[in-house]
Amino acid sequence: MAEVTAQTKKFQKELNSGTSSLVLLSVLSRSKQAMYGYQIAKLLEESDPDFPMMKQGTLYPVLRSLEENGLLESVVEPSVSGPPRRYYKITSDGRGALEEWLETWKQTKKFVDAILKG
């Protein structure tokens, strides 16, 4: 039984790594204001507390990667309650990528669902 659990965890990790960029762009596209990493993590956690999609440790590298690719931009602002915070917002290129990725996601989901249903 432990082997199944390990394989399931590995499979879930692979799924998460493939969808995390899509999820983060989607979250930031719906936000009226820039968000910092902890805010995003809490929002994701609250959306399904029993099934955390990504841990904070994996969130930040994805945010940085999206920024490096011009899909997000950030600004660092001082915080009254701790260290400075980096606030992220989606760019116009990020919105374009999100549209394309959503279409790809829909096609992939349709394909996988069709195969699983037989």
| task | Would you mind calculating the gained length between Thr104 and Glu14 on full extension (0.36 nm times residue separation, minus the Cα-Cα distance), in nm to one decimal? | result | 30.7 nm
| Potential extension, Ala6-Tyr60 segment - 0.36 nm per residue separation minus Cα distance | 17.0 nm
| request: Place a label point 7 angstrom from the Cα of Asp93 along the Cα-to-Cβ direction, then list the residues of segment 16-38 whose backbone nitrogen is under 18 Å away. | output: 21-22, 24-26, 28-29
| message | Taking 8 Å as the Cα distance limit and 6 or more residues as the minimum spacing, I'd like the relative contact order of segment 2-117 as a percentage. | response | 26
| task | Compute the acute angle (0 to 90°) between the alpha-carbon long axis of helix 37-47 and the principal axis of greatest extent of the alpha-carbon atoms of the chain; round to the nearest 10°. | result | 40
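If you keep only loop residues by DSSP, which trypsin sites (Lys or Arg not before Pro) in segment 1-109 have at most 12 other Cβ atoms within 10 Å of their Cβ? The partial results should precede the final answer.
Working: sites: Lys9, Lys10, Lys13, Arg30, Lys32, Lys42, Lys55, Arg64, Arg85, Arg86, Lys89, Arg95, Lys106, Lys109; in loops: Lys32, Lys55.
Hits after loop and neighbour filter: Lys32, Lys55.
Calculated from DSSP H runs of 4 or more alone, at -39500 (n - 2.57) each and per residue, what is the 222 nm mean residue ellipticity of the chain, nearest 500? Could the numbers behind the result be given before it?
Values: 4 runs with 79 residues, N = 118.
When only DSSP H runs of four or more count, the value is -23000 deg cm²/dmol.
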| note | Placing each pseudo-label 7 Å from Cα in the direction of the beta carbon, Glu77 and Asp113 end up separated by a distance in nanometres of 3.9
| Label point distance in nm, Glu45-Arg30, each placed 7 Å from Cα along Cα→Cβ | 1.9
| said: Within 15 Å, Cβ to Cβ, of Lys117, how many net charges do the neighbouring residues add up to if Lys/Arg are +1 and Asp/Glu are -1? | reply: +1
| query | Over all distinct Cα pairs, what is the inverse of the mean 1/r for the chain, reported as the Kirkwood hydrodynamic radius in Å? | reply | 15.8
| note | If one compares the long axis through the Cα atoms of helix 2-30 with the longest principal axis of the Cα atoms of the chain, the angle in degrees, nearest 10, works out at 40
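Any read-out appearing in this document is the output of simple, stated calculations on the displayed coordinates, not a laboratory observation. Keep in mind the model is a prediction, meaning the values are calculated, not measured. Every residue, glycine among them, receives a Cβ derived from its backbone with ideal geometry; neighbour counts consider all protein chains shown.
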